[in-house]
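So the structure is just underneath, and the comments pick up after that.
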Amino acid sequence: MSDFTIVGRNQRKVDGQAKASGRARYTDDLSFPGMLHGKILRSPHPHARILSIDTSEAEALEGVRAVVTGSEMAVTYGVIPWTPDEYPLCVDRVRYIGDGVAAVAAVDEDTANRALKLIHVEYEPLPAFLDPFKALEHRFDPEENGSEPEAPFIHEPKKKGRNGNITKVVKLAFGDVEEGLENAEVVVEGKYFFEGSTHAPIEPHCAIGLWEPDGEDPWEGVAFSETEGRSPGDPGWPPPEDGAGEGDGPVRAPVPAGKLTVWSSTQVPHYLHRELSRVLGLDPARVRVVQPPVGGAFGGKSEPFDLEFCVAKLAMKAGRPVKILYTREEVFYSHRGRHPFHMEYRVGANRDGKLTAVDARTLLDGGAYASFGLVTTYYSGQLLTAPYVMPAYRFHSTRVYTNKPACGPKRGHGSVQPRFAFEVQLDKVAERIGMDPMELRRVNFMGSNTRTVNELRVTSNGFLECLEAVERASGWKERFRRLPFGQGLGVAGSCYISGTNYPVYPNEMPQSAIQIQIDRSGRVAVFSGASEIGQGVDSMVAYVAAEELGVPLEYVRVYAGDTDFTPVDLGAYSSRVTFMLGNACLDAARKLRRKVQEAVAEAWGCSPKEVLLAGGRALFARDTARQIPIREAFVLAETKFGTLGEVGWYNTPKDIHGDYRGGTIGASPAYSFTAHVAEVDVDAETGVVDVRKIWVAHDCGRALNPVLVEGQMEGSAYMGFAEALMEEHIFKDADHGRAGLHNAPSLLDYRIPTSLDTPELEALIVESLDPEGPYGAKEAGEGPLHPSIPAIANAIHDAVGVRMDSLPFSPPRVWKALREAEEEGRLGKPAPPGGVGAVATEVLP
């Protein structure tokens, strides 16, 4: 029987009723007296120089109150401080169709749209790079070609002779890979392609800016360099490496005195606060960011966007509040979604199934700007090394710029793509040696309390239990390779981080913090800087506070998402919130609990350890009939200690990664583990794949609220299924229309599954109880996505003997693969483990 009264039990979400009833007010629901509406003029070219911008006609239009261009905010920004390569509005060049050029604020949206048509921009079109391989291969020698290239790089190289189309190159090796491959009894090679996809949240991006003039600004009229007088923790610190950001407007122009407030549907209020201050030249103490409820994000709102800078600057110019709401088309062009990956893998193994070496080479198509790309490039290799033992491992990853919307983090940032390729590789190895793919994964299990080949610390690890759960639930032993032709089962596994070990800008301050205040009425107020984006973070801290302080859940109020009165939390990304904010909340709540226990114990003449707080009461542990209402216990504590309030914080351990460049990227205080089995039907005549069911087993440490964990597991598997079968974030080339134009920038044309398309999903919670997580909890919001895609790919192979190594598994693509297999005599059920009883389907290298 559990000792908990709240934790570990199904609970309601604290904001569920407000959202279900329509009472929740999202950013676009907010309105202020005199509010103006803003619109952004966007580039019609994938790559062009801006020769001139004339806004005079727009400014003269009746109802227009302000116009802003890039020259008024000529400071580059970026969520990663080493790669600030983006202006709020373009200054001298546009780099994709949809890049922002100018913005207007008017009395209504119609007037704002009319004003955009009156802004005259003269462009000089430039050759566009839409193919990442061509972007990678592009070279320019000024001595041979003159000073002005015919096809300039998308970004100027930081050093002479470098390719300005390359964002980042990572080459890391651990162990002797060549020896491992040479001595392997089996080597399997494969090429894979993961098509880009986008987040498709229900709520479009929206922001409102409000400028309130007031007294003197202590910095007014003071000009200083970007780094002069600054120290760690200040906006813009540290200085970018390798010359990144040079020429970003090194002197801050004077600004009027006042306070800026921006309401935004962001998932990173703190990072937005920092960049608003830095780019606009405002004292950070005069900037406030408020995050209303967010209607979905999935990584797509985890960095600043042009609209947030524009509403701020327009509000400052107009002296009135300004709102900008993206259209759905703008959401698609703002993107920051899943990178397309071109991957090549070599995996060596012995006949007993043990891996000997893994070699990976990856090209990432990053789009026009860096975004999180530096981290993505590392994640493409660093996060592959668990849950399996790899004696030797090497990866070479290159991210290139292309003239398309920038890619960034989508649920499972940077590791979903390589996990697809690697888990299919493991299936090919198992088939080659005649081993059950479930058993192959068991044989290579790395265990708990260990280190990966790239020196990442792993504590709790419930991967074996995950395999056992999906094996049992799916009837794997009885059904794998035994279903009729056209029906198949596939398995895959994965791991994921429970938060990044380091923030995106280096500092030694806490990554997460909480303030809790207790009222003598029995009410508990929790002040949280974390971002509620639908995943249940506000509910999570309410459960922790209620559990520790013994109050009913309805007594807890959570106040969040306002940088003016909540402690700093770095945001909702990398599945960090439960582990980090949960520990911070536990810290604060336990400090308060000890005070309450001490005060009650003094009144009762017993030890504080004998005072229990639960169910809205304080109870004597040796005789629970002796009890008082919790509010009376709080009164005793306030009488003894004064006003009851505490802060709690969390920072990560620093000894959990290797000492090499990039060793911190991928490091996490804990890792979750997942296994999926997918069941599919494949119509061999049409190529239609019907995913019947996915069994999802996930090691989340401890499920603080099982029903919310199940929801995250099912939602993750749904998104993986969608990417496997439907999603394509693609752009036209010169041969198929206007180069660089989005192929389907609407929810009508961009295919995502409806409820009728979605397979049955069965969530199987595995609890390994991590020694450092809050009550043993780890992440559950992103990890459960990873295995869906390779499990479906492996199930297709079990069904018809065809390997699908490129996404998505759409009917035309599957039909083509079926016809090729039929012509080559490879169509048919694969042989069962041991190689008896069916046609072998594939000749592997």
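The values are calculated or read from the model by the stated rules, or taken from the named source; none is laboratory data. Because the structure is predicted, anything quoted here is derived from the model rather than measured. Every residue, glycine among them, receives a Cβ derived from its backbone with ideal geometry; neighbour counts consider all protein chains shown. The accessibility values were calculated without ligands, DNA or RNA, using every heavy atom of the protein model including side chains. Shrake-Rupley method; radii C 1.70, N 1.55, O 1.52, S 1.80 Å.
Taking the dipole about the Cα centre of the chain, with the C-beta of Lys and Arg at +1 and of Asp and Glu at -1, give me whichever of 425, 474, 172 is farthest to the positive side.
It is 474.
Tell me the label-point distance for the pair residue 520, residue 56, using the 7 Å Cα-to-Cβ offset, in nm and rounded to one decimal.
That separation, rounded to one decimal, is 7.0 nm.
Please work out whether segment 45-142 counts as rounded, prolate or oblate from its C-alpha gyration tensor, where a ≥ b ≥ c are the square roots of the eigenvalues and a/c under 1.5 means rounded, while otherwise a/b larger than b/c means prolate and anything else oblate? Working shown, then result.
Values: a/c = 2.58, a/b = 1.92, b/c = 1.35.
Because a/c hits 1.5 or more and a/b exceeds b/c, segment 45-142 counts as prolate.
Thinking of segment 749-812 as a set of Cα atoms, what percent of all their pairs are more than 16 Å apart?
Across segment 749-812, Cα pairs with separations above 16 Å total 65 percent.
Leaving out ligands, DNA and RNA but keeping every protein chain, what accessible area does residue 481 have, in Å² rounded to the nearest 10, with a 1.4 Å probe?
Answer for residue 481: close to 30 Å² accessible.
Between residue 554 and residue 107, with labels modelled 7 Å along Cα→Cβ, what's the label distance in nm to one decimal, could you check?
With each label point 7 Å from Cα toward Cβ, the separation is 4.8 nm.
GluC sites (Glu not before Pro), restricted to segment 430-534: which are DSSP loop and have at most 14 other Cβ atoms within 10 Å?
On the way: sites: 431, 439, 455, 465, 468, 471, 478, 508, 532; in loops: 455, 508, 532.
Answer by residue number: 508.
For segment 309-391, count the residues as N, evaluate 2.2 N^0.38 Å, and divide the Cα radius of gyration by that value, please. Working shown, then result.
Numbers: Rg = 21.7 Å, N = 83, 2.2 N^0.38 = 11.8 Å.
Against the empirical 2.2 N^0.38 Å value, I get 1.84 for segment 309-391.
What are the ³J(HN,Hα) couplings of segment 261-269, residue after residue, when phi is run through the Karplus curve with 6.51, -1.76, 1.60 and θ = phi - 60°? Round to Hz, x for glycine and proline.
For segment 261-269, the Karplus curve yields 10, 10, 8, 8, 7, 7, 10, 9, x Hz.
Which one, 736, 783, 764, projects farthest toward the positive side of the charge dipole computed for segment 722-811 from Cβ point charges (K/R +1, D/E -1)?
736
For residue 562, what residues show an amide H to amide H distance below 5 Å, using hydrogens built from the backbone and excluding near sequence neighbours?
291
What FRET efficiency would be calculated for the residue pair residue 328, residue 3, taking the C-beta separation as r and a Förster radius of 56 Å, to the nearest 0.05? Intermediate results must be reported in sequence, preceding the final value.
On the way: r = 49 Å, r/R0 = 0.87.
Using R0 = 56 Å, I get an efficiency of 0.70.
On a 23 Å Cα-Cα criterion, which of the cross-link pairs 609/640; 13/591; 39/313; 428/829; 313/410; 313/404 come out too long? Before the final figure, lay out the partial values.
Working: 609/640 18 Å; 13/591 25 Å; 39/313 13 Å; 428/829 14 Å; 313/410 29 Å; 313/404 26 Å.
13/591; 313/410; 313/404, as the Cα separations exceed 23 Å there.
At 0.36 nm per residue, minus the direct Cα-Cα distance, what do residue 647 and residue 472 gain on full extension? Give it in nm, one decimal, please.
Numbers: separation 175, 0.36 × 175 = 63.00 nm, distance 4.51 nm.
The span from residue 647 to residue 472 would gain 58.5 nm if fully extended.
How many times 2.2 N^0.38 Å is the alpha carbon radius of gyration of the chain?
Values: Rg = 27.8 Å, N = 845, 2.2 N^0.38 = 28.5 Å.
Taking N as the residue count of the chain, the ratio is 0.98.
How big is the convex hull of the Cα atoms of segment 638-776, per residue, in Å³? Can you show the working numbers first?
Working: hull volume 39.2 nm³, N = 139.
Expressed per residue, the convex hull around the Cα atoms of segment 638-776 is 282 Å³.
Rounded, prolate or oblate for segment 542-678? Axes are the square roots of the Cα gyration tensor eigenvalues, ordered a ≥ b ≥ c, and the cut-off for rounded is a/c under 1.5.
Details: a/c = 2.31, a/b = 2.07, b/c = 1.12.
Judged from the Cα gyration tensor, segment 542-678 comes out prolate (a/c at least 1.5, a/b above b/c).
With charges set only on the Cβ (+1 for Lys and Arg, -1 for Asp and Glu), what does the dipole of the chain come to about its Cα centre, in debye to the nearest 20? Walk me through the intermediate numbers first.
Numbers: 89 positive and 116 negative charges, 352 e Å.
Charge dipole of the chain: 1700 debye, to the nearest 20.
In whole Hz and in residue order, list the ³J(HN,Hα) couplings for segment 187-195 that follow from phi through the Karplus curve 6.51 cos²θ - 1.76 cosθ + 1.60, θ = phi - 60°; x for Gly and Pro.
10, 10, 10, x, 10, 9, 9, 10, 5
Which order do you get for 211, 649, 82 if you rank them by accessible area with a 1.4 Å probe, largest at the top? Provide the component values of the computation, followed by the final result.
Working: 211 20, 649 140, 82 70 Å².
If we order 211, 649, 82 from most to least accessible, we get 649, 82, 211.
Rounded, prolate or oblate: which fits segment 420-475 when a ≥ b ≥ c are the square roots of the eigenvalues of the alpha-carbon gyration tensor, with rounded for a/c under 1.5 and prolate only if a/b beats b/c? Don't skip to the answer; put the middle values down first.
Numbers: a/c = 2.39, a/b = 1.33, b/c = 1.81.
It comes out oblate by the Cα gyration axes.
With r as the distance between the Cβ atoms of residue 738 and residue 806 and R0 = 30 Å, compute the FRET efficiency 1/(1 + (r/R0)^6) and round to 0.05. Spell out each step's value before the answer.
Values: r = 25 Å, r/R0 = 0.84.
Using R0 = 30 Å, I get an efficiency of 0.75.
Would you mind giving the average projected area, over all directions, of the Cα convex hull of segment 1-87 in nm² with one decimal?
Numbers: hull surface 52.7 nm².
Here the figure is 13.2 nm², rounded to one decimal.
How much FRET efficiency would the formula 1/(1 + (r/R0)^6) give for residue 92 and residue 639, where r is the Cβ-Cβ distance and R0 is 56 Å, rounded to 0.05?
Values: r = 66 Å, r/R0 = 1.19.
Approximately 0.25, to the nearest 0.05.
Over segment 711-806, what percent of the accessible surface lies on carbon and sulfur atoms, probe 1.4 Å? Please list the in-between numbers first.
On the way: 1640 of 3270 Å².
Solvent-exposed carbon and sulfur of segment 711-806 make up 50 percent of the total.
Taking H as built 1.01 Å from N, whose amide H comes closer than 5 Å to the amide H of residue 731, not counting residues under 5 places away?
743
Note the direction-averaged projected area, equal to a quarter of the hull surface, for the Cα convex hull of segment 645-727, in nm². Provide the component values of the computation, followed by the final result.
Numbers: hull surface 39.8 nm².
Projected area, direction-averaged: 9.9 nm².
Please give the calculated 222 nm ellipticity per residue for the chain, where each DSSP H segment of at least 4 residues contributes -39500 (n - 2.57) and the sum is spread over every residue; nearest 500 deg cm²/dmol? Can you show the working numbers first?
Working: 20 runs with 219 residues, N = 845.
Rounded to the nearest 500, the figure is -8000 deg cm²/dmol.
Distance in nm between label sites at residue 822 and residue 176, each 7 Å beyond Cα in the beta-carbon direction?
Going by the 7 Å Cα→Cβ label model, 5.0 nm.
Among 524, 133, 607, which residue has its Cα furthest toward the positive end of the charge dipole of the chain, with +1 on Lys/Arg Cβ and -1 on Asp/Glu Cβ?
Final value for the positive-end residue is 607.
Can you give me the P(r) profile for segment 470-592? Cα pairs, bins 10 angstrom wide beginning at 0, each as a whole percent.
12, 34, 21, 13, 13, 7, 1
Taking θ = phi - 60°, what integer Hz values does the Karplus form 6.51 cos²θ - 1.76 cosθ + 1.60 yield along segment 152-162, in sequence order, with x for Gly and Pro?
Couplings: x, 4, 5, 10, 5, x, 6, 9, 4, x, 8 Hz.
At 1.4 Å probe radius, can you tell me the per residue accessible area of segment 455-571 in Å²? Intermediate results must be reported in sequence, preceding the final value.
Values: 3560 Å² over 117 residues.
For segment 455-571, the solvent-accessible area averages 30 Å² per residue.
Can you list residues from other chains, or at least 5 along the same chain, whose modelled amide H is less than 5 Å from the amide H of residue 557?
Result for residue 557 returns 524, 525, 526.
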